[in-house]
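**Student:** Can you keep this structure in mind? I'll have questions shortly.
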Amino acid sequence: MANVFGVALISILFSAALRSPLAEASLEDYVRAFSLSTAVSGGLAIAAFGCISRIREREGCAE
């Protein structure tokens with residue numbers, strides 16, 4: 001379920017970052033939208049890593 005919401009969020013973010021319809025968007029629009037969505041995906045991955053690390057520390061199974 002989390003994957004579905006993640007893909008939907010990134011798709012909405014990408015479409016909003018284009019600032020124009022798909023058929024009218026220029027290469028620069030696609031580059032900006034891709035860069036923004038990649039940065040957000042990376043941030044979410046780092047946040048997930050931090051959450052998982054903290055959970056493992058609390059359970060006492062940190063390696």
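**Student:** May I ask for the angle, rounded to the nearest 10°, between helix 2-18 and the longest principal axis of the chain, with both axes built from Cα atoms and the value confined to 0 to 90°?
**Tutor:** Helix 2-18 sits roughly 30 degrees off the main axis of the chain.
**Student:** Using only Cα atoms, tell me the angle between helix 27-59 and the longest principal axis of the chain; keep it within 0 to 90° and round to the nearest 10.
**Tutor:** Helix 27-59 and the main axis of the chain meet at about 10 degrees.
**Student:** Something else: Give, in nm to one decimal, the length gained when the segment between residue 40 and residue 22 is fully stretched (0.36 nm per residue of separation minus the Cα-Cα distance).
**Tutor:** Full extension from residue 40 to residue 22 adds 4.4 nm.
**Student:** Also, I was wondering about something else. Would you tell me the accessible area of residue 52, worked out with a 1.4 angstrom probe on the heavy atoms of the protein chains, in Å² to the nearest 10?
**Tutor:** Here the accessible area works out near 100 Å².
**Student:** Of 53, 6, 35, which is farthest towards the positive pole of the chain's charge dipole, taken about the Cα centre with +1 and -1 on the beta-carbons of Lys, Arg and Asp, Glu respectively?
**Tutor:** 53
**Student:** What FRET efficiency do you get for residue 56 and residue 1 if R0 is 30 Å and r is their Cβ-Cβ distance, rounded to the nearest 0.05?
**Tutor:** On the way: r = 22 Å, r/R0 = 0.74.
Given R0 = 30 Å and the Cβ-Cβ separation, E is 0.85.
**Student:** Hey, another quick one. Mind checking the per residue accessible area of the chain for me, 1.4 Å probe, whole number of Å²?
**Tutor:** In whole numbers, the chain has 81 Å² accessible per residue.
**Student:** Per the 1.4 Å probe, what fraction of the accessible area of the chain, in percent, lies on carbon and sulfur atoms?
**Tutor:** 69 percent
The values are calculated or read from the model by the stated rules, or taken from the named source; none is laboratory data. Small disclaimer: the values here were computed from a predicted structure and weren't measured. Note that we place each Cβ from the backbone using ideal geometry, even for glycine, and neighbour counts take in every protein chain shown. Note: areas computed on protein heavy atoms with side chains; ligands, DNA, RNA excluded. Shrake-Rupley method; radii C 1.70, N 1.55, O 1.52, S 1.80 Å.
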